[in-house]
Amino acid sequence: MKTLHEKVDGIFGYRQMTLHMNRKFEEKLNHKRIYRLMKVAELRSVIRVKRKQYKRSSPQHVAENLLNRAFTAKKPNEKWVTDVTEFKYGESKKAYLSAIRDLYDGSIISYVLGHSNNNQLVFKTLDQATAL
């Protein structure tokens, strides 16, 4: 029982341990007996933390696919792409980096760092890029 407990990194509780022991030994072992034996051997299962469920927000506007996976440009400022990246820092803080990149040479045209991921961040980046 201890070797199985170590093999699964302590994830199994007495119910899962009972199932695996019954399969391994092809014998009916009662779950209460496994519970008592695990208690005596001080084998405790690791409680996994539940992951937070995120609700997908519906986008306000989905743009048409103009590039159609043609990510090369023949001259500068012909094709620009944008992306927003989330950075986590501190205990529970987040920062968002919005950047516009030229596909001709891969250079960053403009970028803006903000604390909220919204359209205002992207529009600010676009305004900064067109002002150049």
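Give me the angle, in degrees from 0 to 90, between the Cα long axis of helix 14-25 and the longest principal axis of the Cα atoms of the chain, rounded to the nearest 10. It is inclined by approximately 70 degrees. Taking the helices alone, the chain has a mean residue ellipticity at 222 nm of -9000 deg cm²/dmol, built from -39,500 (n - 2.57) per DSSP H run of at least 4 residues and averaged over all its residues. Using a ≥ b ≥ c from the Cα gyration tensor of the stretch 1-130 (square roots of the eigenvalues), is it rounded, prolate or oblate, where a/c under 1.5 gives rounded and otherwise the larger of a/b and b/c decides, a/b for prolate? Cα axes put the stretch 1-130 in the prolate bin.
For the stretch 113-128, the residues whose backbone nitrogen is under 15 Å from a point 7 Å from the Cα of Ser57, taken along Cα to Cβ, are 114-123.
Based on the Cβ-Cβ distance of Thr72 and Leu113, what FRET efficiency does E = 1/(1 + (r/R0)^6) give at R0 = 25 Å, to the nearest 0.05?
Taking R0 as 25 Å, the efficiency between Thr72 and Leu113 is 0.30.
Dipole of the stretch 5-73 computed with +1 at Lys/Arg Cβ and -1 at Asp/Glu Cβ about the Cα centre; of Met38, Pro59, Ala70, farthest Cα towards the positive end is Met38. Just checking the listed ones, Ala70, Ala41, Ala99: in the Gaussian network model of the chain with Cα springs under 10 Å, the one fluctuating most is Ala41. Partner aspartates and glutamates whose Cα lies under 19 Å from the Cα of Lys94, excluding those fewer than 8 positions away in the same chain, are identified as Asp83, Glu86. Modelled spin-label separation between Glu26 and Tyr104, with each label point placed 7 Å from Cα along the Cα-to-Cβ direction: 7.4 nm. For Lys79, the amide hydrogen comes within under 5 Å of the amide hydrogens of Leu103, Tyr104, counting only partners 5 or more places away or on other chains and with H modelled in the peptide plane. Helix 119-130 and the longest principal axis of the C-alpha atoms of the chain enclose an angle of approximately 40°. For the stretch 80-130, the fraction of C-alpha pairs farther apart than 19 angstrom is 27 percent.
Bear in mind that the values in this text are calculations on the coordinates, not laboratory data. None of these values were measured; they are calculated from a predicted model. Because the Cβ atoms are built from the backbone with ideal geometry, glycine has one as well, and the counts that use them run over all protein chains shown.
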